[in-house]
Every structure is written in C-alpha cells, then in structure tokens.
Amino acid sequence: MKNAAAYLKTNRKVIVLMALWIGIFLAIFFFSRLPLETVGYGMLLFAVLGGIYIAIDFREFVRRLKELEQAKKHIAVSRERIPTAENPLEEQYQALLEEVFRYKCRLESEYDNRYSEMMDYYTMWVHQIKTPIAAMHLLLQSEEIPDKGELEEQLFKTEEYVGMVLQYLRVGGMAADLKFRQYSLDGIVRQAVRKYSKSFIRKHLWMNYQELDCIVVTDEKWLLFVIEQLLSNAVKYTASRGRVSVYMDRSRPKTLVIEDTGIGISQEDLPRIFEKGFTGYNGRRDKKSTGLGLYLCKTITDKLNHKITITSVEGEGTRVALGLETAKLEVD
C-alpha cells in the first residue's frame, strides 16, 4: 500500500495526462457516433496494454525503492550501494549526492582534527595541573598553616574536578579501554569509601556500610569512578550529622544501593538529572554542582551494560541503585 501510494505520487502527472487522453478519446468516439462495440473494444485494448505497462513499471519502481532503502542504511560510510543512474535526471541527483558526501567528509575531517587538538590540550593540562597540586600537598604536610583541614578539603575537591575532566575526555573512547573481569564488589566500594573517609570525618557523617558479599563482572576502573561520584554527591549534599548508607538490595539481583539523608532532589528535576550540564534547583542554590557527575555516571553505566536508577524526596534524601548483573565477561 505504501509503495502504491508512492508510485501514484511519483507518476501523478502521467496519470493526469492519461486521464485527459482517455477523456478526449471518449469524446471523439461519442461525437463520431461510432458503434458501442467499437468504443468498448478500443477501451479494453487500452486497459490491457496500460495495465501491462503499469505492472511492469510499478515492479521496477518498487525494485528501485528497495535499492535506495538499502543504500540509505550504508550511505554514512560508503556510496558503493547507490543504484546506477538510469536517466539524465538521476545522474544529476547522483552528482549532487557526491558533492554532499565530499563536503560531509571534509567537515568530519576538520572536526576530527579540532577534536584531536582539544583532547591533546586538555589531557596535557590535566597532567600539568597535577604538579602544583602535588606541591601543595607537600607544603601542607611540612608547614604549620592555619585552617589546614579546610585547605586540604579544598585541595581534595580540586583533585576531584581534575579527575572528572580527565574521565570526561576519556569517556568517548572508553569502549577500547574496557577490561571486563570478575571482581569483589566489596573491594571496589571500599576503595571509594577510603577515598572519602576524611570528608566523612570533617562533616561528622555516619557511614552505614553493610557487607556486600557480591561478585560482579565489570571494569574496575570505570565502576570505581561511578561509585566515587555517587559517594561524592552523597557527602556534598548531606548536612553535618547526616547518614550515608551502602548496602545490597536483596530484593533484586546484584543491586548496590548508595543512600543518603541529604537535601534530596525535587520531583520536577528528577527526569533530567542525567542530562549533561543540568544542575537542578538544589545544585544552582548551593552552587556546588557541575552538571557532569551524574551525566558521566549514566554514560559509563550504559557502556558497562549496568543500570542506574535514582529516587529522591526533597528534604529527606536520595537513593541510588546500581544494577550490576548484566555485564558480559570478555576474554582478554
């Protein structure tokens, strides 16, 4: 039905011309007062020949449509499947398509060059900035400085943001970097907890850590980054004397939960929390959110074939669930 509609639309001028010709044909026969049998014979002959022509032409039309549909699926990478032009008009369209394809390739090449230059610059910047950060750590260890704890906290946050920039640059090509193996989830989560232990102490937060006792198939480095981001958010948005809980949701297979008693997320912001650059009302109010953390978490978990879901009640806290059962083990 779809092909028939497309055929009628493509050949509408020919169809109108044929209808006009039939009308003229009938008028001539009528005014010439020819016998009805003669008119009927002429119309029957016209219908048979016209039907044969339309059937052949329609079959060819459908064949060309299918060829073009197949070519459309591969046009992004190759022009080899484009059907051969059968008339001067199609030759002109193919010449136009060739020019568009060359322009597209030129734009892609320019974009790749600019992106490569940007990646080189920011990767170099990230590694260069680590030198003054390391120097500041040494100074903090060797000098008696007022408010040393606060300075250490701010330096720790700086390192976090530098690490986030590096992961943001790497995430586009992370597929080539993935190494799926079996890991103890306790081992991965405890690394993240140790990293934020001083932040828990400074804010007087209670860490409720329950033994996870779970083996997962994942990429340790990337999953660790996700858990660190989730713990960072929990610490950042939970007030002093609050609680952060880490445990397994036993009602669902291999589901890690990180839950806090922080400021929560408004219901209108929840559908957009994984968008790049989205900070939400609470993020804008406290001016602590970059809008990249949860975006990176969602991007990474998707590529790891894990699942991340977040539920929250504003003013009561946030619950993040990581479903870790779906990754597939790959042989190195």
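Couple of notes before you dig in:
- Residue in region 137-155 that is open to solvent by less than 60 Å² (accessible area, probe 1.4 Å), under 21 Å from residue 225 (Cβ atoms) and of a type in the set (D, E, K, R) present: yes
- Number of residues in region 249-266 that are open to solvent by less than 60 Å² (accessible area, probe 1.4 Å) and without any contact (Cβ under 8 Å) to a residue 60 or more places away in the chain equals 7.
- Only one of the numbered conditions (1) loosely packed, with under 15 Cβ neighbours inside 10 Å; (2) within 19 Å of residue 324 (Cα to Cα) is not met by residue 193, and that is (1).
- Total residues in region 159-182 satisfying the condition of being acidic (Asp, Glu) and modelled with pLDDT under 85: the figure is 1.
The values are calculated or read from the model by the stated rules, or taken from the named source; none is laboratory data. Model, not experiment: these values are computed from the prediction. So basically every Cβ, Gly included, is an ideal-geometry build from the backbone, and we count neighbours across all protein chains shown. The area values use the complete protein model at the heavy-atom level, side chains included, leaving out ligands, DNA and RNA. Shrake-Rupley method; radii C 1.70, N 1.55, O 1.52, S 1.80 Å.
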